[in-house]
Amino acid sequence: MGRISKSFTVLFTLLILSCGGKEEKKDGFSIERKKATTEKKAETPTTNQVKASERIDLTSKGVGPINSITLDTAIDQAIATQGEEVFNQMCMACHRVGKKFIGPAPNGILERRTPEWIMNMILNPEVMVKEDALAKELLIEFNGSPMANQSLTEDQARAVLEYFRTLK
């Protein structure tokens, strides 16, 4: 039994040593084996793009019934209060003041979009995401969650816009 044990030990040692080599030769061919690496290739950064929700575009009016709107310099608090009520009832399911939710936060929206674009997005969201480039990008940024058409009247949309003016 001692002889079998020695033979087994020698055979096992030879087997182990033969597996660790980096080069194999068979029938005139040589194969060099390399250790597998777990290093990841450095990813090259893509172009520095600003998110659609953060991009400033104060030229586009969007697609829809609103072509022009003039805002008074002073906020009409009565209309803004109505707008807040409409927003809380119809928009809070997807939008939160001060933070990204299902849709973008309305804070500072008038610093990034024209009043016409905002109202057209409220009144005409289906057409906006089909025809307006920025609305398409917003749809992608917010995981394909389209803005629901709440069937607001122009007066309700205008009140929501006035409410947005009060948000900083």
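The values are calculated or read from the model by the stated rules, or taken from the named source; none is laboratory data. Since the model is a prediction, treat every value here as computed from it, not as a measurement. With ideal geometry, Cβ positions are generated from the backbone for all residues, glycine too; neighbour counts draw on all protein chains shown. Surface areas here come from the heavy atoms of the whole protein model, side chains and all, with no ligands, DNA or RNA. Shrake-Rupley method; radii C 1.70, N 1.55, O 1.52, S 1.80 Å.
To keep it simple, each residue is scored yes or no on (1) of a type outside the set (A, V, I, L, M, F, W, C); (2) modelled with pLDDT of 95 or more; (3) part of a loop (DSSP other than H, G, I, E, B); (4) surrounded by 11 or more Cβ atoms within 10 Å (Cβ to Cβ).
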residue: ALA36; (1), (2), (3), (4): no, no, yes, no
residue: THR46; (1), (2), (3), (4): yes, no, yes, no
residue: LYS51; (1), (2), (3), (4): yes, no, yes, yes
residue: GLY62; (1), (2), (3), (4): yes, yes, yes, yes
residue: ILE79; (1), (2), (3), (4): no, yes, no, yes
residue: ASN88; (1), (2), (3), (4): yes, yes, no, yes
residue: PHE101; (1), (2), (3), (4): no, no, yes, yes
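Scanning region 88-145 for residues that are touching a Ser or Thr at 6+ places or on another chain (Cβ under 9 Å), more than 16 Å from LEU161 (Cβ to Cβ) and among the aromatic types (Phe, Trp, Tyr) returns a single hit, PHE142. Pairs meeting the criteria (first residue in region 60-81 and farther than 16 Å from ASP155 by Cβ and touching a residue at least 40 places away in the same chain (Cβ under 8 Å), second residue assigned to a helix (DSSP H, G or I) and open to solvent by 70 Å² or more (accessible area, probe 1.4 Å), beta carbons under 7 Å, at least 6 apart or on different chains) are VAL63/GLU131. Only one entry in GLU137, GLU84 is open to solvent by 60 Å² or more (accessible area, probe 1.4 Å), touching a residue at least 24 places away in the same chain (Cβ under 8 Å), in contact with a Lys or Arg (Cβ under 9 Å, 6 or more places away or on another chain) and in a helix (DSSP H, G or I), namely GLU137. The residues of region 140-161 that are surrounded by fewer than 22 Cβ atoms within 10 Å (Cβ to Cβ), among the hydrophobic types (A, V, I, L, M, F, W, C) and not in a helix (DSSP H, G or I), listed by number, are PHE142, ALA148, LEU152.
Sub-7 Å Cβ pairs linking a first residue in region 143-162 that is over 9 Å from ILE122 (Cα atoms) to a second residue that is part of a loop (DSSP other than H, G, I, E, B) and acidic (Asp, Glu), at least 6 apart or interchain, are GLU162/ASP76, ordered by first then second residue.
In region 111-128, the residues that are in contact (Cβ under 8 Å) with a residue 60 or more places away in the chain form Cβ pairs under 9 Å with partners that are among the charged types (D, E, K, R) and open to solvent by less than 30 Å² (accessible area, probe 1.4 Å), at six or more places apart or across chains, as follows: TRP117/ASP132.
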